[in-house]
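The values are calculated or read from the model by the stated rules, or taken from the named source; none is laboratory data. Note that the coordinates shown come from a computational prediction; the quantities given were computed from them, not determined experimentally. Methodologically, a virtual Cβ is constructed for each residue, glycine included, from the backbone with ideal geometry; neighbour enumeration extends over all protein chains shown. Note: accessible area is taken over every heavy atom of the protein model, side chains too, but ligands, DNA and RNA are not part of it. Shrake-Rupley method; radii C 1.70, N 1.55, O 1.52, S 1.80 Å.
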Amino acid sequence: MLSLIKLFRFLNKYKGSLIFSICLLFVSTLLTLVQPRMVQIVVDEGIKQKEMATILLWGGGIVLAAIFSSLINFGSGYLLIKSSHGMAYDLRGTLFKKVFSFSFQNLDKFRTGELMVRINSDVNTIMMFVRMGFFMIIQSLVMIIGSLLLMYSSDPGLASIMAVIMPSVLVVFLVIATLVRPVFLKMRKKLDELNNVLQENLAGASLVKAFVQKKQEIKKFNVKNKGFYEISLKIGTLMSLLFPLLFLIGQVTMALVVMIGGQRAINALLVPGVPGITVGQLLEFNNYAMMAMFPILMLGMVLNFVSMAAASAERIFELLNEQPAITEKAGAVRKEKLNGDIAFVNASFRYGHGEMAVSDFSMEIKSGEKIGIIGPTGAGKSSLAYLIPRFYDVNYGSVLIDGENVRDYSLSSLRRSIAYVLQESTLFAGTIKENLLFVNPDASDNELWEALNLAQAADFVKEKENQLEEVIGEKGVGLSGGQRQRLAIARAILSNPDILILDDVTSSLDLETESKVIDGIYEKLPDCTIIIISQKINAVRSADRIIVMKDGKCQEKGTHQELLKIKGIYKEIFNTQVAQDQGVA
Amino acid sequence: MSENRSNSRPIGQGMGRGPGHHASFEKAKDSKRAFKGLLSYIGQRKIIILIASFFLMGSVILKALTPAMIGDAIDLYIIKNPSLDQFTLQMSLVIVLLLISWGVEAIGGFLIIRLSNQIIFKLRENSFAHIQGLSMGYFNRTGIGDLISRMTNDMEMIYNAMSNGISSIVNGIFTMISILIAMFIRSWSLTLIVLAILPVLLFLTSLIGKLVKDAFQKNQKAVGALSGHIQESITGIKVIQSFNKEEKTIDDFNQKNNDVRRIGIRSQFLSHAFMPIMFLATALSLALLITFGGVLAIYFPAVFSIGLITSFIIYAQRFFEPIRQMTNIYNIFQSALAGAERVFEVLETKAEIKSSLESKNIKNFRGDVEFKDVHFWYEENKPVLENVGFFIEAGKNIAIVGPTGAGKTTIINLLTRFYDIQKGEISIDGVNIKDMDLDYLRNQMGIVLQEPFFFATTIMENLKYGRPAASDEEVFEAAKLAEAHNFIRRLPEGYNTQLSERGMNLSQGERQLLAIARVILKDPKILILDEATSSIDSLTEVHIQKALLSLMKNRTSFIIAHRLSTIKNAHKVVVVHDKHIIEEGTHQSLMNAKGFYYRLYSLQFQKSEITEDMSI
Ligand SMILES: Nc1ncnc2c1ncn2[C@@H]1O[C@H](COP(=O)(O)OP(=O)(O)OP(=O)(O)O)[C@@H](O)[C@H]1O
Ligand SMILES: Nc1ncnc2c1ncn2[C@@H]1O[C@H](COP(=O)(O)OP(=O)(O)OP(=O)(O)O)[C@@H](O)[C@H]1O
Ligand SMILES: [Mg+2]
Ligand SMILES: [Mg+2]
C-alpha cells in the first residue's frame, strides 16, 4: 500500500491536468446529482399539481444538465486518460532505463521474464488503477457525500439512517478486500511460475527432445497449470459470491430506506399532526439512496484495483530500489579514444561469496599488444577480462587503462572504445545488416564487407540468398555455431575499438578459418590492443604474449616459444593438441 | 493444415519488432473455425451453461420484479389506501426476494467461472502437450516469444470473454427482456416513450464501437511491438551494454513507448466515450418520460398513476445499464476471438515429424548406423547436404569434421530426427529411422548439443534430467567421469547450487562439463557429441577423453570437434565440405592421403616448430 502511494510521485508532472480533471469531474458529478431533485420537482409540483409548464421546464432542465454533465465528463475523462498514460509512459521509461543501468552483477539476480512482467503488466496495472480507480474513487466519494447532504436537506431523519448504513457497508468492503488481496498476490506468483516453466521449456526445446522428456515436461507444466487453475478458480468463486453481494447490499439498503420512509409517510397520512414526508420526497429519497449505493458498489470494485495495484507497486519498487552495482563517479573522465594500455594491479575479484575467480592478479599490457589467454576451465579467464570494461568491479586492487583507474572513466568512454565479444554470442532477430549496423549505424556497405571479410564471414554471407539483407531468427537461429561466432566478431570489428577482447569466440571454427581470422585482425588492427581467450594453442600462439591462467592467477607468461621451453602447463597443452596428435607423422 | 501454414513470415521479425502480435481479424473463416474449436471444448459442458443461464435468468427476473413491487407498495398502500402492515409486508417480501436473487446469481456465476477455468485449464494443457510434439523447425520459425504470448495473453483473452462475457450477456439480455416485459404489461405507451431514444443510441454506439475496435487493434499491435522490443533488449542486454548502445536502445524503446501512449490515449478515450453518451441517453429518455408521462398523468389520471410513472422512472434507469455493459463485452469478445484463432492455429498445426503408425522397434539393438544418399535442405532449394552416405558399424565411433558451416550439426539434426530428410534414407540396424517410434529412437541416443541448455534449478536436478530416477551416488559417479565433480564440490552449495537462467552463473567450460555428465548419466546406446568439449581445456579434456573412451566402448558414437586430440582416435573420420562427404577413412589414412583433411590439420604448425619442440 505504501509503495503505491510512493508511486504517486510519478503523477507530479500531471498535477495540473489531474486537478483540473478532478474539478471537472466534481462539477459533472454534481450535475448528475441534481437530476433526482428535478425529477422530484416534476412529480410533486408538476404532475401532482397538474402544472404543465413546470413539467416542461424541469424536463428541459434534466436534459440540459445531462448535456453539460456529459460534455464536462468528456473533458475530464480525456485529461485523466492523458495523465494516466503519461504516467505509464514515464514509469515504463524509468524502469527500462533502470534495467539498463544495471551491471552484470544486478542482472544475475533477475530472470528475463520477471523484468518483462514488471515493465509491462505491472505498469499497466498501475495505469489502470490511476485511470479507473482514481476516477471511481473520486466520483464515488463526491456522490456519496453529495447525496448524503441532499438527503439531509430534504429529511434529516432518513439521511441519518443512510449515514449509518453506508459506512458500515464500506467496512464490509474493506474486510472483503483484505481477504482477497493475498489471494491476488498468490495468483500473480502462480502465473509467474507457469510462465517460467513455459519459457524454459521452449528455450530448451532441443534438450527436451533429445532427452525424450516430453512426458516429464508435460507433468511439470500441468502441476503449474493446476496450481494456477486452483487459485484462479478460488478468486473467481470469491468474486462470483462477493460482487452480487455488494449489489445485494445496495438493493436491500434502498428497500430499507423506502420501507422506513414509507412507514413514516403512512403514519403522517393516518395520524394527522404527525410530521411526515410526501410521496415525492420518498421517491427523491429512493433516488438518492440509489445514487449513494451505486458509488459504494463502485468503491467495492475499486478495492480490487487497489489490491492489484498495490501488489504491482511493490514489485516495481523492487526494481527501482535495486542499486546498480557499478556506477560512474561524478566528474568521470571522458575520452573519445583510448591509448589501450591496460594494467592489473593486485586485482582480486569474486562472484558473491564464492571463491576468488581472479586472485591477486598483476600484469601490464602495452597499447597495441596482442595477448593470448589460455587456461583450465573455470580458471577465471572470462572473469579477468570482464574487469576491463567494468562489467564487474574488482573487490581488491585495481585495473588501470592508460594509467588511470577504470573507475575514474565514464562507462560510455570505456565501453565505446572496448569491444568485448562475449563467450555466448548473442545476435538479434533481424537482418545481418541490422545486426552489424547496431554498433555503428553510419557504416557504409563497404565497411560492412570489410569487417565481414576480416572475420572470415563474407563467404557464407554471400552464399545466403539475400546476402546482407538475409533475415536471421531469435538468437541467430538459421546460422551454424561458427557462423554466429564470426558475425559477432565482425560486429565487434565494425565498432572500431581501441581494445578488442575475443572471449573464446573461435571455439567452433576450424583451425584454418580460426588462423585466418586472428592473423587478419592482428594485421589490420596493429594499434588495437587485442586479447584473445581460447582453449586452442592455434588461437593464442601468434600473440605477443601468452598468459596461462589457473585458479585466478597467472601461472606462466611469455611468447609461444618461451612457454614451450618452460615445459609447464602450456607445454603440456601443446603436447596434447599438436605434437602428440600429429605424432609428427 | 501443415506446419508450413504458419510460416507466412520469414524467420525472425526484424529488430525489436515484437513476436507475432498481428491480430488477424481479416480472416473471417479462421474466426469461425476458432469459434467452433472453442465450442468443441465446451462440448459436454453445454448443459452447465444452460443450468447457469437458468440461474442467472432467475436472478434477473427476481431483480426486475422488485421495482414493480416497490412501486405497487407506494401506490397501493400509501397513496390509495394507506396501510402500515400491508406496506411493511410487501417491502419485507422485496427484501426476501433480493436475498434469494443473490443466492441464485452467485450459484450461476460460480458455475460459469468454474466452467471457464476448466476450459482454459484444458486448453492450456492440450496446447502445451501439442507443442511438445511439434518439431524444431516450427519453433525456429514461430519464435519463442510468439508461442509464449499465445499460451498466456491469448488464453487470458479467452478466459475474460468466457468468465465475464457469458454471464454479462445472459444477464444483459434477460435484464432487458424482463424489464421490457414488465414495462409492456404496465403500459405500452410509456414503454414506447422509454424506447424512443434507442435507435439513436444504437446508431451512436455502433459507430463508436467500430472506432473503438480499430483503435484497440492498433493498440494491441503497438503494445506487442513494445513488449517484443523489451524482450529482445533484455535478452541481449549484455551485448548492448558491452557496445555502450544503451542510449540507442532506450531511444528505440522511447519511440515505441510513445506509440503506445499515443494510441493508448486514443483507444481509451473512445471507449470512455460510451459512458457520458449512455448517461445522456438515459437522461433524455427520462426527460421524455417525465414530460409525456406528466402530460398523460394530468389528462388520464385514472390510467397513468403517479406510482406507475415512478416505477417507469426506475425502469428507464435500469434499462440502459445492460446496453452499456454489452458494448464493453463486444470488445472483449473481439479480442477473445482473435486470441482463440492464434491458439487454435497452434493446436491445429500438424507435427511434421512424428512416429510412424506401425513403428517397428529393434529387438536386439546393436547400433549400426547408415546414411544412404541423403539430401537435405532447411529452406527449399537451398541444399545443405547432397548425396551424403556413410556407414558406421555398431560399437565403433565416427568423427565428423569439416570447416565451420559445412553441415556437421545438420547431420546430427537428421539422425535425431530434429529435421527430416528430403531424399535418401537413414537407418539404424537396417531399419529406416522414419519407421521407428520417435521416442524409442531418441531414447537410444545421448546428445551433447553445441550450445548446452540448463534449467534454472539445482545442478543435481539438471544432471538428473535424462534419468530422474538416478540415485545421488550415480550422479556423483557421472560427474566424476566428466571431470565436473571437482568444480561442483567447490561451489558454496555443491550439487544444490541453484543455476541461473541457462546456467549463466557457470563458466562456459563448466557448462560443457555438466552437459557431458548429464549424458553419461543417461547411459545411451548411441552417443553424440557436437563440439561438446570446444571450451574445455585440453588437460581436462584428456581426462574426459579417457572416460569417454570407456563410455564409447561398445556403443556407436558420433563426435564433432575441431581439435585433433578429440578425433584422432576415432575408428572412422568423415570430412564434410561443400554439401558432400569428400573424404572418409582413419586419421592416419587421411593424413597419408594428403587431401583436404591433411590441409585442415597439418598446415597449422610448421614442421620446424614441431621438430624444434620435439628436440627439446
Ligand atoms: N535452422 C536453420 N535454418 C536454415 N539454415 C540453417 C539452419 N541451421 C543451419 N543452417 C545452415 O546450414 C548450414 C550448415 O549448418 P550446420 O549448423 O550444420 O554447420 P556446422 O558444420 O555444424 O558448422 P559449425 O562448425 O559452425 O557449427 C549453414 O550454412 C547454416 O547457415
Ligand atoms: N555469473 C557468475 N556468478 C557466479 N559465479 C560465476 C559466474 N560466472 C562465473 N562464475 C564462476 O567463476 C569462476 C571463473 O569463471 P570464468 O567464467 O571466469 O572461467 P573461465 O576461465 O572463463 O572458464 P571457461 O574457459 O570455461 O570459460 C568459475 O568457477 C565459475 O563457476
Ligand atoms: Mg570463460
Ligand atoms: Mg555445428
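Using DSSP, restrict attention to beta bridges with both residues in chain B and report what percent are antiparallel, rounded to the nearest 5.
Numbers: 19 of 36 bridges.
In chain B, approximately 55 percent of DSSP beta bridges are antiparallel ones.
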- Query: R0 = 25 Å: FRET efficiency of residue B:81 with residue A:278, Cβ-based, nearest 0.05?
  - Reply: 0.90
- Query: Taking R0 as 60 Å, what's the FRET efficiency between residue A:5 and residue A:396 from their Cβ-Cβ distance, rounded to 0.05?
  - Reply: 0.90
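How much length, in nm to one decimal, is gained on full extension between residue A:30 and residue A:51, taken as 0.36 nm per residue of separation minus their Cα-Cα distance?
Gain on extension, residue A:30 to residue A:51, equals 4.9 nm.
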- Item | Nearest 10 degrees, 0 to 90: helix B:306-348 Cα axis against chain B principal axis | 10
- Message: Show me the ranking of peptides A:73-83, A:27-37 by mean Cβ neighbours inside 10 Å, starting with the highest.
- Response: A:73-83, A:27-37
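Please list, by residue number, every one of the trypsin sites (Lys or Arg not before Pro) in the stretch A:470-567 that is coil in DSSP and has at most 14 other beta-carbon atoms within 10 Å.
Details: sites: A:475, A:484, A:486, A:491, A:516, A:524, A:536, A:541, A:545, A:550, A:553, A:557, A:565, A:567; in loops: A:536, A:541, A:567.
Those satisfying the criteria are A:567.
By the gyration tensor of its Cα atoms, with a ≥ b ≥ c the square roots of the eigenvalues, what is the shape of the stretch B:392-438: rounded for a/c under 1.5, prolate for a/b over b/c, or oblate?
Working: a/c = 2.35, a/b = 1.29, b/c = 1.83.
Cα axes put the stretch B:392-438 in the oblate bin.
Counting partner chain Cβ atoms within 10 Å of every residue's Cβ in A:102-114, what's the average?
Working: counts 2, 1, 5, 0, 0, 7, 4, 1, 3, 4, 7, 4, 2.
Per-residue shielding by partner chains comes out at 3.
So what is the diffusion coefficient of chain A in µm² per second by Stokes-Einstein at 10 °C and 1.306 mPa s, using a Kirkwood Rh over Cα pairs? Mind dumping the intermediate values first?
Values: Rh = 30.3 Å.
Here the translational diffusion coefficient equals 52 µm²/s.
Let me know the shape class of the stretch A:434-574, please: from the alpha-carbon gyration tensor, a ≥ b ≥ c as square roots of the eigenvalues, rounded when a/c is under 1.5, otherwise prolate if a/b is greater than b/c, or oblate.
Details: a/c = 2.45, a/b = 1.98, b/c = 1.23.
Prolate, because a/c is 1.5 or more and a/b exceeds b/c.
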- Message: Within 10 Å, at most 13 other Cβ atoms, and a DSSP state outside H, G, I, E, B define an exposed site. Report the longest part of chain B free of exposed GluC sites (Glu not before Pro).
- Response: B:27-357
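Distance cut-off 19 Å, Cα to Cα: go down the list A:329/A:370; A:190/B:218; B:221/B:350; B:218/B:350; A:381/B:464; B:525/B:553 and report the pairs above it. List each step's numbers first, then the result.
Numbers: A:329/A:370 30 Å; A:190/B:218 30 Å; B:221/B:350 27 Å; B:218/B:350 31 Å; A:381/B:464 29 Å; B:525/B:553 10 Å.
From A:329/A:370; A:190/B:218; B:221/B:350; B:218/B:350; A:381/B:464; B:525/B:553, over 19 Å: A:329/A:370; A:190/B:218; B:221/B:350; B:218/B:350; A:381/B:464.
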- Note on the structure: So residue A:108 and residue A:444, fully extended at 0.36 nm per residue minus their Cα-Cα distance, gain in nm 117.3 nm
- For chain B, which span is the longest to avoid every loop-located (per DSSP) member of trypsin sites (Lys or Arg not before Pro) having at most 11 other Cβ atoms inside 10 Å? B:28-362
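Stokes-Einstein D for the stretch B:35-109 at 10 °C, 1.306 mPa s, Kirkwood Rh over Cα pairs, in µm²/s? Don't skip to the answer; put the middle values down first.
Values: Rh = 14.4 Å.
The estimated diffusion coefficient comes to 110 µm²/s.
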- Gained length - residue A:555 relative to residue A:216, 0.36 nm times residue gap less alpha-carbon distance: 117.5 nm
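At 1.4 Å probe size, with every protein chain present, just tell me what the per residue accessible area of chain B comes to in Å². All intermediate terms of the calculation are to be shown ahead of the outcome.
On the way: 24850 Å² over 616 residues.
Averaged over the residues of chain B, the accessible area is 40 Å².
Please sort by residue number the trypsin sites (Lys or Arg not before Pro) in the stretch A:175-231 whose DSSP state is loop and whose Cβ has at most 16 other Cβ atoms within 10 Å. Each step should come with its number before you reach the end.
Working: sites: A:186, A:188, A:189, A:190, A:209, A:214, A:215, A:219, A:220, A:224, A:226; in loops: none.
In loop regions of the stretch A:175-231 (DSSP not H, G, I, E or B), there are no sparsely surrounded trypsin sites (Lys or Arg not before Pro).
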- Task: Could you tell me what fraction of 2.2 N^0.38 Å the Cα radius of gyration of chain B comes to, as a two-decimal ratio?
- Result: 1.42
- Sticking with the crude label model, points 7 Å out along Cα→Cβ, report the distance from residue B:252 to residue B:457 in nm, one decimal please. 3.4
- Task: Give me the distance in nm between label points sitting 7 Å out from Cα along the Cα-to-Cβ direction at residue B:303 and residue B:211, one decimal.
- Result: 4.1
- For the stretch A:503-585, how big is Rg over Rh, using alpha carbon atoms and the Kirkwood form of Rh? 0.96
- Item | Label-point separation, residue A:68 to residue A:572 (7 Å along Cα→Cβ), nm | 9.3
- Rounded to whole Å and sorted largest first, what semi-axes of the equivalent ellipsoid does the C-alpha gyration tensor of the stretch B:273-404 yield via the square root of 5 times each eigenvalue? 82, 18, 10
- Message: As an exercise, use a Förster radius of 60 Å and the Cβ-Cβ distance of residue B:40 and residue B:580 to find the FRET efficiency, rounded to the nearest 0.05.
- Response: 0.75
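Can you give me the % of accessible surface on chain A that is carbon or sulfur? Probe 1.4 Å, all protein chains present, nothing else counted.
Carbon-and-sulfur percentage of accessible area, whole number: 60.
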- Calculate I(q)/I(0) for the protein assembly as shown by the Debye formula, one identical point scatterer on each C-alpha and no solvent, and give its log10 at q = 0.08 Å⁻¹ to two decimals. -0.92
- Which listed residue (A:543, B:297, B:237) has the Cα farthest towards the positive end of the charge dipole for the protein assembly as shown, taking +1 on Lys and Arg C-beta and -1 on Asp and Glu C-beta about the Cα centre? B:297
- Roughly how tilted is helix A:135-154, in degrees to the nearest 10 and between 0 and 90, from the longest Cα axis of chain A? 10
- Message: Cut-off under 19 Å on the C-alpha distance; same-chain residues fewer than 8 positions from residue A:550 excluded. Which aspartates and glutamates are left, in chain and number order?
- Response: A:355, A:360, A:364, A:503, A:504, A:562, A:572, B:483, B:510, B:537, B:541
- Query: How large is ³J(HN,Hα) for each residue in the stretch A:190-198, as worked out from phi by the Karplus curve 6.51 cos²θ - 1.76 cosθ + 1.60 (θ = phi - 60°), to whole Hz, x for Gly and Pro?
  - Reply: 4, 5, 4, 4, 4, 5, 4, 4, 4
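Suppose only helical runs count, i.e. DSSP H with n ≥ 4. What mean residue ellipticity at 222 nm does that imply for chain A under -39500 (n - 2.57) per run, divided by all residues and rounded to the nearest 500 deg cm²/dmol?
Values: 21 runs with 352 residues, N = 585.
Result for chain A: -20000 deg cm²/dmol, rounded to the nearest 500.
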- Task: Compute the long axis of helix B:166-186 from its Cα atoms, compare it with the longest principal axis of the Cα atoms of chain B, and write down the angle in degrees, 0 to 90, nearest 10.
- Result: 10
- Query: What quantity of accessible surface, computed with a 1.4 Å probe and excluding non-protein components, is buried in total between chains A and B, in Å² to the nearest 100?
  - Reply: 16600
